[in-house]
Amino acid sequence: MSSAFPAMKILQPLSTTRSPEKPLFDLLKSPSSFLGSASKLRFNAQKPSPSSSYSSSCHRPSTIVAVSDVVKEKKTLKSNSSLSNLLITKEEGLELYEDMVLGRAFEDMCAQMYYRGKMFGFVHLYNGQEAVSTGFIKLLKQEDYVCSTYRDHVHALSKGVPARAVMSELFGKTTGCCRGQGGSMHMFSKEHNLLGGFAFIGEGIPVATGAAFTSKYRREVLKEAGCDSVTLAFFGDGTCNNGQFFECLNMAALWKLPIVFVVENNLWAIGMSHLRATSDPEIWKKGPAFGMPGVHVDGMDVLKVREVAKEAIARARRGEGPTLVECETYRFRGHSLADPDELRDPAEKARYSARDPITALKKYMIENNLVNEAELKAIERRIDEVIEDAVEFGDKSPLPSRSQLLENVFADPKGFGIGPDGKYRCEDPKFTEGTAHV
Amino acid sequence: MVFHFCITRHELLLFEALREGLEEEMDRDPRVCVMGEDVGHYGGSYKVTKGLAKKYGDLRVLDTPIAENSFTGMAVGAAMTGLRPIVEGMNMGFLLLAFNQISNNCGMLHYTSGGQFKIPIVIRGPGGVGRQLGAEHSQRLESYFQSIPGIQMVACSTPYNAKGLMKAAIRSENPVILFEHVLLYNLKERIPDEEYVLSLEEAEMVRPGEHVTILTYSRMRYHVMQAAKTLVNKGYDPEVIDIRSLKPFDLYTIGNSVKKTHRVLIVEECMRTGGIGASLTAAINENFHDYLDAPVVCLSSQDVPTPYAGTLEEWTVVQPAQIVTAVEQLCR
């Protein structure tokens, strides 16, 4: 791996000042192909400039393109919308809509349950960011991996973890996906390949990198030809100033791991504005510094996110390595249910509220005659039932008993050691009762 | 107890024994892999992985960039998804950088996931006080890691137990930290040709005796044995146990000894405050108080950053003469 990646070409200076009327990111226009492949998304006949020529078999241009721009053009170009020119089919549209509504309704119910004293601790809700979770995760196969942060309820739901299992976990019941032992910030599912749920920011990114390493190892060392699992690592803007982020960008690019780094830039890390914490706030630019494409996308638009995700995931599956995708998104609620959320400008909140991803998708589907109101209402009703059922299930489920206390500390409970009587501690009958002395 | 009348043996050094154990396990299970700085092409800074990259390839013996927290976390992720990685800390002290991953993910992930994911990872490397390596390269990380729930810690001290513990750690479904010592890699011993695996949880009886129980591990075992020679000449009969398992303690072997001798001396390299000795003292007092004729005595290193100067460094760690004096006082 010796060829240098080309320096990213910026064709117009980025604005360094920010005012309410100006968008945070200037749209970049690049003549090169989007992520180097999708010809269907190329609109101008320009070829990559000579200075960026290099062996195309190993590398694609690390091009930065504001996909929002690209996708908007595509839509206007083919605005006499026959169904075949739309970005999604009806089935896909309904799936996306249902997933986002599920995420929103679930989180709203969490808030209710929290204030009613059914769940405790730190609960971080995802309202407003649904387009990112749905846009990416709905493209995955069951054997692909997702690695999240403490804001993980909706990632879990999108990946297929039943709402019942997540709600029950939040209630701290034994029927929760982690037997009530993890809680809001530690959602895991072996069945659905959800690798967590992490409380410290950044600590999930190496775990995701490890899952991608396993995928490559299985293919190249264990010779499992069919193994092409991709891993998605989700994290926020605050994490992008953390060492583990950079260390993993390096390793993933170095070894061409099948991973996509998805930045959910909602501009705020609790009360710390992204602009006050970051020397260069444009996170997508940090990708090429490590030798991978960096893409910025409008994270409030599920269709745009999905187009970017398709390419990034396909890239990883083809063995071409990682991509850094920065999704500009926003959380409608505070950082957590304990956050009074007093620092954010109401005008900023209003601006993003107007770009609600669920409303936007609904509008798109109705305007393009993909669905009618009744079908969407039916989905909403069905989701309401799912959520109600999840709450009821959680309510009825039992709390963990004492005997659960010492289980799962070790995969092999011999790890508790040998007691004075010569027997392994775990052989003590009181051990399963949870009253054994360890 | 089974006697093997035809045990054939071969002689090797401790680092070779570690490598032999590692190689046997890598041959046995293709999911076993190694990650760390300079483990591949360089062969490991203490040659434990010498030749392995040539044999198994650059992916199975992975040279990582200098990013302990991230590559340890990467090993955790790989372990969760089906591999069995061995992470080498070039010096155990460097693993301070990886504390986040060792504590939160190695230790806790099996529990917080409700038992869904296991982390069959081995973290190993050289630690302890060497020869004038300076404060930062002379640390005893076992003190810091011991409170992390969900991990096991073992310390090897001979070529025989090094190979056996390496194999056991790799086969374990739990995360295991294997502490090696910078000064012990060139110890020579004849070990069995036949395959063997030791128990991670058991202590090792080094020298049975009647008068006093001396509990130790790693390099201090050798200071203890040196002191034992002097003590024997003076008419004492110390029982020396290498505890090997730093977490959990083998309370059976230790307890049986205490019940016999009624006097306990702990000799360790950790610092006075918060070390393995401190925990062991508490455990013995709690479990075997009735059998003690005297308070447990614990000899530890000074609570001092290990100085560079040779004389000062010598005074920070426990020396055989101090062990002799302590036993004499304990047995008065």
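The values are calculated or read from the model by the stated rules, or taken from the named source; none is laboratory data. Keep in mind the model is a prediction, meaning the values are calculated, not measured. Cβ: placed from backbone, ideal geometry, glycine included. Neighbour counts: every protein chain shown. For accessibility, only protein heavy atoms count, side chains too; no ligands or nucleic acids. Shrake-Rupley method; radii C 1.70, N 1.55, O 1.52, S 1.80 Å.
Just a few scattered comments:
- The residue list A:G210, A:G197 contains one member that is open to solvent by less than 10 Å² (accessible area, probe 1.4 Å), closer than 22 Å to A:R331 by Cα and out of contact with any strand residue (DSSP E or B) (no Cβ under 7 Å at 6 or more places or on another chain), which is A:G197.
- Checked against (1) part of a loop (DSSP other than H, G, I, E, B); (2) open to solvent by less than 10 Å² (accessible area, probe 1.4 Å); (3) not basic (K, R), A:D280 passes all but a single condition, namely (2).
- The set of residues in the range B:299-316 that are touching a helix residue (DSSP H, G or I) at 6+ places or on another chain (Cβ under 8 Å) and open to solvent by less than 20 Å² (accessible area, probe 1.4 Å) comprises B:S300, B:S301, B:T306.
- Residue count for the range A:245-256 under the criterion of being open to solvent by less than 10 Å² (accessible area, probe 1.4 Å) and either of a type in the set (S, T, Y) or more than 16 Å from A:G294 (Cβ to Cβ) (or both): the result is 1.
- Checking each residue in the range B:82-102 for being open to solvent by 10 Å² or more (accessible area, probe 1.4 Å) and at the interface with chain A (Cβ under 10 Å from one of its Cβ atoms) picks out B:G82, B:L97, B:N100.
- Residue in the range B:15-29 that is crowded, with 21+ Cβ neighbours inside 10 Å and within 14 Å of chain A (Cβ to nearest Cβ) present: yes
- Residue within the range A:212-224 that is within 25 Å of A:P162 (Cα to Cα) and assigned by the TED database to the domain that holds A:V325 present: yes
- Conditions (1) of a type in the set (F, W, Y); (2) in the same structural domain as B:I276 (by the TED database); (3) touching an Asp or Glu at 6+ places or on another chain (Cβ under 8 Å): number failed by B:Y160: (2)
- Matching residues, the range A:193-208, being in contact with a Leu (Cβ under 8 Å, 6 or more places away or on another chain) and either within 7 Å of chain B (Cβ to nearest Cβ) or within 16 Å of A:V154 (Cα to Cα) (or both): A:G196, A:V207, A:A208
- None of A:L139, A:L170, A:L157 is out of contact with any Phe, Trp or Tyr (no Cβ under 7 Å at 6 or more places or on another chain), of a type in the set (A, V, I, L, M), closer than 22 Å to A:Q112 by Cα and touching a residue at least 40 places away in the same chain (Cβ under 8 Å) except A:L170.
- Among the residues making up the range A:213-230, those that are facing chain B (nearest Cβ under 8 Å) and either without any contact (Cβ under 8 Å) to a residue 24 or more places away in the chain or surrounded by fewer than 24 Cβ atoms within 10 Å (Cβ to Cβ) (or both) are A:T214, A:K216, A:Y217, A:R218, A:E220, A:V221, A:L222.
- Yes/no for A:L399 being more than 10 Å from chain B (Cβ to nearest Cβ) and surrounded by fewer than 20 Cβ atoms within 10 Å (Cβ to Cβ): yes
- Within the range A:161-192, being more than 12 Å from chain B (Cβ to nearest Cβ) and in contact with a Ser or Thr (Cβ under 8 Å, 6 or more places away or on another chain) holds for A:R164, A:L170, A:F171.
- Residue check, B:I254 within 14 Å of chain A (Cβ to nearest Cβ) and under 22 Å from B:S138 (Cβ atoms): no
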